[in-house]
Amino acid sequence: MQSINSDKLPVLGGPFVPAIKENGMIFTSGQLGLNTEGVMAEGVDGQSRQVLENLKNLLEAGGSSLDKVVKTTCFLADIKDYAEFNAVYAEYFGDHKPARSCFQVAALPLGALVEIECIASC
């Protein structure tokens with residue numbers, strides 16, 4: 001089992017790593033819309049883009065990419081933001097359509113509006 005990190009991600013404390021690589025697969029922790037300085041992007045569009053950039057950078061650090069994602073789990077602070085979130089998500093995944101769950105949660109860390117975790121092949 002190998003821990004994966006990237007200097008293109010925000011530095012967060014906690015009892016977890018950004019991702020684990022095991023048996024040709026990468027399992028990411030949930031990513032928030034924070035830049036490398038730890039500043040949260042604004043709005044659903046901005047946070048969705050930053051989350052997906054963070055996932056892209058993390059997967060690339062592990063030898064994978066967004067086009068190798070097989071499953072995402074997406075958390076929204078408000079399901080009313082689904083259409084706006086979905087539009088950004090579609091930009092990043094294009095014709096590649098991984099399996100996905102997307103739902104509203106009571107709250108996300110740091111007051112985030114969007115969080116995504118994924119599983120990808122290497």
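Rule-based calculations on the coordinates, nothing more; no lab input. Predicted model, so just to flag it, every value in this text is computed and none were measured. Using ideal geometry, Cβ is built from the backbone for each residue, glycine included, and neighbour counts are taken over all protein chains shown.
Limited to region 94-122, what total is found for residues that are among the acidic types (Asp, Glu) and surrounded by 19 or more Cβ atoms within 10 Å (Cβ to Cβ)?
Number of matching residues: 1.
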Original post:
Of all residues in region 34-48, which are free of Cβ contacts under 8 Å to residues at least 40 places away in the same chain and either in a loop (DSSP other than H, G, I, E, B) or within 12 Å of the chain's Cα centre (by Cα) (or both)?
Top reply: Asn35, Thr36, Glu37, Gly38, Val39, Ala41, Glu42
Subject >> Residue list for region 24-33, filter: assigned to a loop (DSSP other than H, G, I, E, B) and among the hydrophobic types (A, V, I, L, M, F, W, C) >> reply: Leu32
Original post:
Would it be correct to say that Glu84 is among the acidic types (Asp, Glu) and either over 23 Å from Asp7 (Cβ atoms) or assigned to a strand (DSSP E or B) (or both)?
Top reply: yes
Original post:
Out of curiosity, is Ser101 part of a loop (DSSP other than H, G, I, E, B) and touching a Cys at 6+ places or on another chain (Cβ under 9 Å)?
Top reply: no
Original post:
In region 78-93, what residues are out of contact with any strand residue (DSSP E or B) (no Cβ under 9 Å at 6 or more places or on another chain), of a type in the set (D, E, K, R) and loosely packed, with under 15 Cβ neighbours inside 10 Å?
Top reply: Glu91
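Yes/no per residue for (1) among the basic types (Lys, Arg); (2) in contact with a helix residue (DSSP H, G or I) (Cβ under 9 Å, 6 or more places away or on another chain); (3) under 16 Å from Ala99 (Cα atoms):
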position	(1), (2), (3)
Thr28	no, yes, yes
Gly33	no, yes, no
Thr36	no, no, no
Val39	no, no, no
Glu42	no, no, no
Leu58	no, no, no
Gly63	no, no, no
Asp81	no, yes, no
Original post:
Is there any pair with a first residue in region 1-18 that is crowded, with 16+ Cβ neighbours inside 10 Å and a second that is hydroxyl-bearing (Ser, Thr, Tyr) whose Cβ atoms are under 6 Å apart and which are 6 or more apart or on different chains, and what are they?
Top reply: Pro10/Thr36; Pro18/Ser29
Original post:
Taking the stated definitions as given, is Lys71 assigned to a helix (DSSP H, G or I), surrounded by fewer than 15 Cβ atoms within 10 Å (Cβ to Cβ) and touching a strand residue (DSSP E or B) at 6+ places or on another chain (Cβ under 9 Å)?
Top reply: no
Subject >> Identity of the residue in region 57-86, of a type in the set (Gly, Ala, Ser) and under 15 Å from the mean Cα position of the chain (by Cα), that ends up farthest from Lys21 (Cα to Cα) >> reply: Ala77
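Among what's in region 19-33 and is free of Cβ contacts under 8 Å to residues at least 60 places away in the same chain and loosely packed, with under 13 Cβ neighbours inside 10 Å, pick the residue that is nearest to Glu117 (Cα to Cα).
First pass over region 19-33, keeping only residues free of Cβ contacts under 8 Å to residues at least 60 places away in the same chain: 19-20, 22-23.
Applying the additional criterion that residues be loosely packed, with under 13 Cβ neighbours inside 10 Å yields 22-23.
Working: Glu22: 16, Asn23: 18 Å.
The extreme case among them is Glu22.
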